[in-house]
Amino acid sequence: VDDYEIVLSASIGIAGFPLDGTDALALIANADAAMYAAKSEERNAYRFYAPMMHADTRRRLLLATELRQALARDEFRLVYQPSVELRSGRIVAVEALLRWQHPERGEVMPGEFIPVAESLGLIHRIDEWVMQAVCAQIRSWEKIGMPRIRVALNVSARWFGHPAFVESVSRTLQTHAVAPQRILLEITEGAMLKLGEDTESTMQALHSLGVAVAIDDFGTGYSSMAYLKLPAVAYLKIDRSFVTGLPDSVNDAAITEAMLAMAKSLGLCPIAEGIETEAQHEFL
């Protein structure tokens, strides 16, 4: 088309007569449910209908309704995980982790509701809520004389790529009178890849604002070294999948050492996720 090659893929749902339906209406509805299963699980694939697919669809629809209500009813909360300076043992920062306190099901973890929020286009509203809540928390900590530690928060690909993203960050910081140096935005390699050519201009704008960025889950995505020299990028997070195998796994040790050497030469501060044993601590 106009000298461009366009590649199409298909997600296919299959329902068979008579097991999956005895009339066209039932067969089409069940094939449709199977097609959505193919889209959500893999894409460019096919799935045969199973009764559980309708249950999954109903659950997602219910979750979508409840998710919209959760924002209105203020059911989200943040928990804070400390970041510890390994040499001194001091807590130098915390990472804000999102939780949904469901009135009936209790605590719902992000892995369950974030994909639904992304598919509904609600994710940037949740991201904005997190930013507001973090800034309000920083102010309340300052009032009781807490040390001026940095707070890291995750940013979704959709919100990071939104035209109003940088302006919203700036406005929220100003509204709560929070210094830009007090927050750290964690962005995955995948999120930066989706932004494409606009990544550099967004990073430049964040850098001008004084907001630092951490590359999250480094080494698990595309590992493009070009991202590491962008303005605002100041931290490199070593994914927990590499930390878990330390110090016994030769491969994990080699990869981690290479990341640390690279971070040092580029002047980036490395953060290791999920240290759980003395041996991991000693190695790092």
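The values are calculated or read from the model by the stated rules, or taken from the named source; none is laboratory data. Keep in mind that what you see is a predicted model, and the values were worked out from it rather than measured. Neighbour counts run over all protein chains shown; Cβ positions are idealised from the backbone, glycine included. What goes into the accessible areas is simple: the full protein's heavy atoms, side chains included, and nothing from ligands, DNA or RNA. Shrake-Rupley method; radii C 1.70, N 1.55, O 1.52, S 1.80 Å.
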| remark: CD proxy, 222 nm, the chain: helix-only mean residue ellipticity via -39,500 (n - 2.57) per DSSP H run with n ≥ 4, per residue, nearest 500, stands at -14500 deg cm²/dmol
| message | For Cα pairs less than 8 Å apart in space and 6+ apart in sequence, what is the mean separation divided by the residue count of the range 1-125, i.e. the relative contact order in percent? | response | 16
| Across the range 107-119, in residue order, what do the Karplus-derived ³J(HN,Hα) couplings come to in whole Hz, using 6.51 cos²θ - 1.76 cosθ + 1.60 with θ = phi - 60° and x for Gly and Pro? | 6, 9, 7, x, x, 8, 9, 4, x, 5, 4, 5, 5
| task | May I ask you to rank CYS269, CYS135 by accessible area, largest first, using a 1.4 Å probe over the protein chains only? | result | CYS269, CYS135
| query | Applying 1/(1 + (r/R0)^6) with R0 = 51 Å to the Cβ-Cβ distance of HIS102 and ASP3, what FRET efficiency is obtained, to the nearest 0.05? | reply | 0.50
| task | Using the charge dipole of the chain (Lys, Arg: +1 at Cβ; Asp, Glu: -1 at Cβ; taken about the Cα centre), state which of PHE283, HIS102, ALA37 has its Cα farthest towards the positive end. | result | HIS102
| message | Straight-line reach only, C-alpha to C-alpha below 30 angstrom: list the lysines that LYS264 could link to, leaving out same-chain residues fewer than 8 apart. | response | LYS194, LYS229, LYS237
| remark: Restricted to the chain, the DSSP antiparallel beta bridge percent, nearest 5, is 35
| request: Rank PRO51, PRO180, PRO110 by mean-square fluctuation in a GNM of the chain with C-alpha springs under 10 angstrom and give only the top-ranked residue. | output: PRO51
| task | Would you mind working out the magnitude of the charge dipole of the range 16-58 relative to its Cα centre, with +1 at each Lys and Arg C-beta and -1 at each Asp and Glu C-beta, to the nearest 20 Debye? | result | 100
| Listed candidates (1) 69, 50, 46; (2) 60, 40, 37; (3) 59, 57, 44 - label of the one calculated as Cα extents along the principal axes in Å | (1)
| note | Checking VAL79, VAL169, VAL213 against a Gaussian network model of the chain (alpha-carbon springs below 10 Å), the top fluctuating residue turns out to be VAL79
| Selected from ALA15, ALA232, ALA205 as most flexible by GNM, with the chain as the system and alpha-carbon contacts under 10 Å | ALA15
| said: If you restrict to DSSP beta bridges whose two residues both lie in the range 70-167, what percentage is antiparallel, to the nearest 5? | reply: 75
| query | How much of the accessible area of the range 1-108, in percent, comes from carbon and sulfur atoms when a 1.4 Å probe is used? | reply | 55
| Per residue accessible area of the chain, 1.4 Å probe, in Å² | 57
| remark: Karplus-derived 3J(HN,Hα) from phi for the range 238-255 (6.51 cos²θ - 1.76 cosθ + 1.60, θ = phi - 60°), whole Hz, x at Gly and Pro, runs 7, 4, 5, 5, 8, 5, 4, x, 6, x, 6, 6, 4, 5, 4, 5, 5, 5
| message | Contact order normalised by length for the chain, with contacts defined as Cα pairs under 8 Å and 6 or more residues apart; what percent is it? | response | 10
